[in-house]
2 protein chains.
Amino acid sequence: MSGQIVDAIVIGLGPGGEDLAGRLARAGWSVLAVDEHLVGGECPYYGCIPTKMLLHESRRADPDWDRVAKRIRGEATDDWDDRAAVERLEGTGATVVRGHAAVDGGPDAAPGPGGTTVTVTPPDGGAPRGWTARRAVVLNTGSEPAVIEVPGLPASAAWTHRDVVRARSLPGRLAVIGGGPLGCELAQALAGFGVRVSMLVRGERLLSGEDPVAGELLADAFRANGIDVRTSTQVSLARETGGGRPGPMVLTLSTGEELDADRVLLATGRRPRDRVDVDEYCRVLSPRAEPVVGRYAIGDLTGAGPFTHTSMAQSALVARRLLAEDDEGNGRAGRAGRDGHGQGPPFPVRSVPRVTYTHPEVAAVGLSAGTTGTGDGTLRTARVDLAGSTRGWIDEVAGSLTLVAGGPGTPDAGLLVGASVVGPHAGEVIGALTVAVHARMALAELDRIPWAYPTLHRAIGTAVSELVE
Amino acid sequence: MSGQIVDAIVIGLGPGGEDLAGRLARAGWSVLAVDEHLVGGECPYYGCIPTKMLLHESRRADPDWDRVAKRIRGEATDDWDDRAAVERLEGTGATVVRGHAAVDGGPDAAPGPGGTTVTVTPPDGGAPRGWTARRAVVLNTGSEPAVIEVPGLPASAAWTHRDVVRARSLPGRLAVIGGGPLGCELAQALAGFGVRVSMLVRGERLLSGEDPVAGELLADAFRANGIDVRTSTQVSLARETGGGRPGPMVLTLSTGEELDADRVLLATGRRPRDRVDVDEYCRVLSPRAEPVVGRYAIGDLTGAGPFTHTSMAQSALVARRLLAEDDEGNGRAGRAGRDGHGQGPPFPVRSVPRVTYTHPEVAAVGLSAGTTGTGDGTLRTARVDLAGSTRGWIDEVAGSLTLVAGGPGTPDAGLLVGASVVGPHAGEVIGALTVAVHARMALAELDRIPWAYPTLHRAIGTAVSELVE
């Protein structure tokens, strides 16, 4: 089923896919852009944007759920209607089709002689249709919530973040299962609106993927917000107590305790919808670990960080690469099977930052002492307690800044390779560290920078001076 | 008058001088550290620290002047007593002497055969005493307020920032003369405590040394705070109306209008106490523009930015340089006249950031479009309106981020050479730009950085992409 022929097919129109389809179309390529969900992806409709709007509103002097719910519905998501996004993408010249798209033979199958064929199945059960991409197929199929099963929990009482973002009213008591970035952000936001929030976290701390001090400082802050944080705790059973009314229930916990709740928010992470291996140029690898000609993947399924900024930066990289072929080649026809030669620099996976937008914010980039283990002696770290830094003292801040340097005798010796920050505006402080890690800057050079006094990020200088001495 | 002989004399114990004296003493040098004022300088007693404490308190839900006045007196300045600082410095092994110090022959006079002689005059009118530095004299004599004369203004009603910081109670109506960083910070802080503040600014805008948009956005914010901002306005005359009681007065303005006030805050800038020329290694230059052997200057009098972070970074540079002599040489005696050969990198004057800690904050580093003129075509700029950035929109922020790149055909072509930011946490956002300007990073490289979404500093990426296209 070869069907209509285009230059490129982009499957999945989350931020990177939408961006890439537009870039290629604006450059004159014929582009098919396919998604079975909303064009724009999770980020604008259910993810980054509405959750940050909730956090912003929750920090006002007079948080008002109606106000932010209206803002999300009216200003941010157009009532979860992607018409404007579709029109914007079509305005670039791309063809936008709603449906489920699958590469014939699988995501890592080699293209045929005429290119790569993709079958698109419309959501309404219509007949599947084939499309062929002469030059490139880009997979951006994203991720979906990794929902866990809680025995006895009725579907009507089990919320995901999507239900929170769309809620017109809030429950009185909410149990959040999961202590990752999304669970933490939503727990704090909803507590700000007066919801009595309990967090039930399987691991020993919040944000288990981050510097351990982050989870500790965040738990302190959450408890000061009135959030009931319970670590090393799972839910064994839910039992409704409302006599059939949705809502009131008792949760039996793994600790043997019971907890009352009106809703349960399942914030137990996300998993990619597809599994592919990619190289550092976002090229999909065949089962023999060779790049499949004209096949790329960007976004959550690449494993380079499930972030809008990963996806957008990968889109820019793939677009540069594909459009460089134009500059090199002699026209477009018959170029199937040819891959770009303009290598350019690879995707800088080590300089992908991550930020949790709680108060305090938690941010990190590059290698972390926690995940790689300082005990093995290959990394050196220096930590600054922000409460003892000048600005931290003035502003009565709790926080921490940790730098990670390459170990002696390694190629990274004397270089900054990672950092983590917990504190107010940590998400802005990580900017400086993102640049430094990206540029593989020498500690000796960082040590010469006259960091503005008295900023919070000046603590970078304190930590650097410990590492260079 | 050669007197007692030491390795080094540090004149002026503001942040850099105190730091440098300690560094040299800890390395085993005999050091004389002299100041006629408080050890630690303006920053901890009257500058950065207490003014930022005022700003911090003024932004609480319930600003309380008594609370912050007590905090400044008790916690920050020990009632403006530098005993702890003196003891800390003496603990490094340095000899601390109170008095006015002057290099014999003048700050840029060549040393004699035994070294440089300095005469120290005690503050109590005691006999002057001579000291000789075998190896180095470092000048860190700082700056003092450039106070203007207002006809008719009684001394009791004329405040400097020192009076604000020491005040036990606040005036009802305050006229601030001057629209620089200090005037802006204190105006906003005091308005936060309920003082009715008028700003009388000679120039066309607030923060005339910064990107013009900074002054405009700040004036908008100040007016929203209830501050009466009057630009292109000077005070011609003050007339007391309290019948001899200090306080009530009428100011006649250059516009012909009259203004009631209880106090006038003179915030009309600072000027260096000494004038010397220095090279990029902080070496004092002779009238023939040659480095004077063993003579250094750091801090405000170098013209590299009147900031604590300038002074501290220059201290580190001079200490590295002087201590490198130890590593090279064969002992210490008879080394007068010898200057360090370990050049090392120069002081990075272009990567000195500056921050005004108002709401919004105003921060800049490196070259600015405003001061060098984009009209001449040697610089390229890109501006992002932060209100239109994702985070700015979510958080309902007013602000601006401007990047400055080297012009085509210049050695700086394609490099980031300056930046300015106005907005919340601009002082943290400037951290990333400080690193990038310091490292002379290529725009093409900055364009590859996956800036965390949705931070404010992600607007850097937007501006960079405009400059690389």
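Just so it is clear, none of the values below were taken in a lab; they were calculated from the coordinates. These numbers come from a predicted model, not from an experiment. Ideal geometry is used to build each Cβ from the backbone, glycine not excepted, and the neighbour counts take in all protein chains shown.
Return the calculated 222 nm mean residue ellipticity for chain A, to the nearest 500 deg cm²/dmol, obtained by summing -39500 (n - 2.57) across DSSP H runs with n ≥ 4 and dividing by the residue count.
Working: 14 runs with 129 residues, N = 469.
Calculated at 222 nm, the ellipticity per residue is -8000 deg cm²/dmol.
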**Report entry** Label point distance in nm, A:Ala413-A:Val250, each placed 7 Å from Cα along Cα→Cβ
**Finding:** 6.4
Report summary line: Given backbone amide H placed at 1.01 Å from N, residues whose amide H is under 5 Å from that of B:Val96, ignoring those fewer than 5 places away on the same chain, are B:Ala33
**Report entry** Label point distance in nm, A:Thr241-B:Ile148, each placed 7 Å from Cα along Cα→Cβ
**Finding:** 7.0
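Given Cα pairs under 8 Å that are at least 6 residues apart, what percent is the relative contact order of chain B?
Details: 1033 pairs, mean separation 64.2, N = 469.
Normalised by residue count, the contact order of chain B is 14 percent.
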Query raised in the report: Quick one: Karplus J couplings for segment B:156-161, per residue in order, coefficients 6.51, -1.76, 1.60, θ = phi - 60°, nearest Hz, x for Gly and Pro?
Result: 5, 9, 9, 9, 10, 4
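What percent does the relative contact order of segment A:1-149 come to when contacts are Cα pairs within less than 8 Å and at least six residues apart?
Numbers: 260 pairs, mean separation 53.3, N = 149.
Relative contact order for segment A:1-149 comes out at 36 percent.
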Query raised in the report: Tell me, what ³J(HN,Hα) does each residue in segment A:390-395 have, in order and in whole Hz, if you take phi through Karplus 6.51 cos²θ - 1.76 cosθ + 1.60 with θ = phi - 60° and put x for Gly and Pro?
Result: 4, 5, x, 5, 4, 8
**Report entry** Label 7 Å beyond Cα on the Cβ vector: B:Thr241 copy-to-copy distances, nm
**Finding:** 6.8
Report summary line: Between the modelled labels at B:Glu466 and B:Ala167 (7 Å from Cα along Cα→Cβ) the distance in nm is 4.0
Query - Number of partner chain Cβ atoms within 10 Å, mean per residue of A:421-427 - result: 3
Requested in this report: Identify all lysines with a Cα-Cα distance to B:Lys52 below 22 Å; exclude those on the same chain that are fewer than 8 residues away in sequence.
Outcome: B:Lys70
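Restricting to the protein assembly as shown, what percent of DSSP beta bridges are antiparallel, rounded to 5? List each step's numbers first, then the result.
Numbers: 98 of 164 bridges.
Of all bridge pairs located within the protein assembly as shown, approximately 60 percent are antiparallel.
Please label the shape of the protein assembly as shown as rounded, prolate or oblate, based on the square roots a ≥ b ≥ c of the eigenvalues of the alpha-carbon gyration tensor (a/c under 1.5 means rounded; beyond that, a/b larger than b/c means prolate, else oblate). Display every interim value, and only then the final one.
On the way: a/c = 1.96, a/b = 1.60, b/c = 1.22.
Because a/c hits 1.5 or more and a/b exceeds b/c, the protein assembly as shown counts as prolate.
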Report task. Take every DSSP beta bridge with both residues inside chain A and express the antiparallel ones as a percent of the total, to the nearest 5. Result -> 60
Query raised in the report: Is chain B rounded, prolate or oblate when judged by the Cα gyration tensor, a ≥ b ≥ c being the square roots of its eigenvalues, rounded requiring a/c under 1.5 and prolate requiring a/b larger than b/c?
Result: oblate
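Before anything else, pin down the relative contact order of segment B:224-306: Cα pairs under 8 Å, at least 6 apart, normalised by residue count, whole percent. Don't skip to the end; give the middle numbers.
Working: 99 pairs, mean separation 13.1, N = 83.
It comes to 16 percent, rounded to a whole number.
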Query raised in the report: From the residues B:Val138, B:Val68, B:Gly91, which one has its Cα farthest along the dipole of segment B:1-149 in the positive direction, the dipole being from +1 and -1 charges on Cβ of Lys/Arg and Asp/Glu about the Cα centre?
Result: B:Gly91
Query raised in the report: How big is the charge dipole of segment B:339-469 about its Cα centre, in debye rounded to the nearest 20, if each Lys and Arg gets +1 on its Cβ and each Asp and Glu gets -1 on its Cβ?
Result: 100
Query - Distance from segment B:121-191 to segment A:92-106 (C-alpha centre basis), Å - result: 69
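Based on DSSP loop calls and a cut-off of at most 16 other Cβ atoms within 10 Å, the longest stretch of chain A free of exposed chymotrypsin sites (Phe, Trp or Tyr not before Pro) is what? Mind showing how you got there, number by number?
Values: sites that count: A:Trp80, A:Phe193.
Formally, the longest exposed-site-free interval is A:194-469.
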Query raised in the report: Using +1 on the beta carbon of Lys and Arg, -1 on that of Asp and Glu, and nothing else charged, what's the dipole of segment B:2-157 about the Cα centre, debye to 20?
Result: 420
Query raised in the report: Suppose every K and R has +1 on its Cβ and every D and E has -1 on its Cβ; what is the size of the dipole of segment B:126-247 about the Cα centre, in Debye to the nearest 20?
Result: 620
Query raised in the report: Taking square-rooted eigenvalues a ≥ b ≥ c of the alpha carbon gyration tensor, is segment B:1-54 rounded, prolate or oblate, where a/c under 1.5 means rounded and, failing that, a/b exceeding b/c means prolate?
Result: oblate
Report summary line: Computed ³J(HN,Hα) along segment A:146-152: with the Karplus parameters 6.51/-1.76/1.60, θ = phi - 60°, integer Hz and x for glycine or proline, the list is 8, 7, 9, 9, 10, x, x
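How charged is the neighbourhood of B:Val103? Take every other residue with its Cβ under 10 Å from the Cβ of B:Val103, and add Lys/Arg as +1 and Asp/Glu as -1.
Values: positive: B:Arg295; negative: B:Asp104, B:Asp108, B:Asp274.
It works out to a net charge of -2.
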